Amino acid sequence: MRITIDFDRCSSSALRMEIAPEVFELDDDDMLHVLNPEPDRALHDAVRRASQTCPKQAIALFD
Ligand code: SF4
């Protein structure tokens, strides 16, 4: 799995980022960072949930 973020869509709301804190982080300026763009299989379900529930559809996943 590989994660990309469409920063034109992302509102840095952090609404769904707590689903996978090992992968997504907001910095002190509310900028989203992908800590691990190719997460281990154990994190895939959480990353899919984050992607599916992102209100801006900003998280794209590739196999
Ligand atoms: S939930 Fe979506 S819009 Fe909000 S910070 Fe995460 S990627 Fe960006």
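The values are calculated or read from the model by the stated rules, or taken from the named source; none is laboratory data. Only a predicted model underlies this, so the values are computations on that prediction, with no experimental measurement involved. As a convention, Cβ positions derive from the backbone with ideal geometry for all residues, glycine included, and neighbour counts pool all protein chains shown. These area figures cover heavy atoms from the full protein model, side chains too; ligands, DNA and RNA do not enter into them. Shrake-Rupley method; radii C 1.70, N 1.55, O 1.52, S 1.80 Å.
Filter the stretch 1-14 for residues that are open to solvent by 90 Å² or more (accessible area, probe 1.4 Å) and within 13 Å of the ligand (Cβ to nearest atom) and give the result.
Residues of the stretch 1-14 open to solvent by 90 Å² or more (accessible area, probe 1.4 Å): 2, 7-9.
Result: Phe7, Asp8, Arg9.
Being out of contact with any helix residue (DSSP H, G or I) (no Cβ under 8 Å at 6 or more places or on another chain), open to solvent by 50 Å² or more (accessible area, probe 1.4 Å), among the charged types (D, E, K, R) and more than 13 Å from the ligand (Cβ to nearest atom) is true for just one of Asp45, Asp30. Which residue is that? Please lay out each step first, then the result.
Details: Asp30 fails: more than 13 Å from the ligand (Cβ to nearest atom).
Sole residue among the options that is out of contact with any helix residue (DSSP H, G or I) (no Cβ under 8 Å at 6 or more places or on another chain), open to solvent by 50 Å² or more (accessible area, probe 1.4 Å), among the charged types (D, E, K, R) and more than 13 Å from the ligand (Cβ to nearest atom): Asp45.
In this structure, does Glu18 turn out to be assigned to a helix (DSSP H, G or I) and at pLDDT below 95?
Working: assigned to a helix (DSSP H, G or I): yes; at pLDDT below 95: yes.
So Glu18 passes the test.
Ala50: modelled with pLDDT of 95 or more, within 13 Å of the ligand (Cβ to nearest atom) and either open to solvent by less than 60 Å² (accessible area, probe 1.4 Å) or assigned to a loop (DSSP other than H, G, I, E, B) (or both), yes or no?
no
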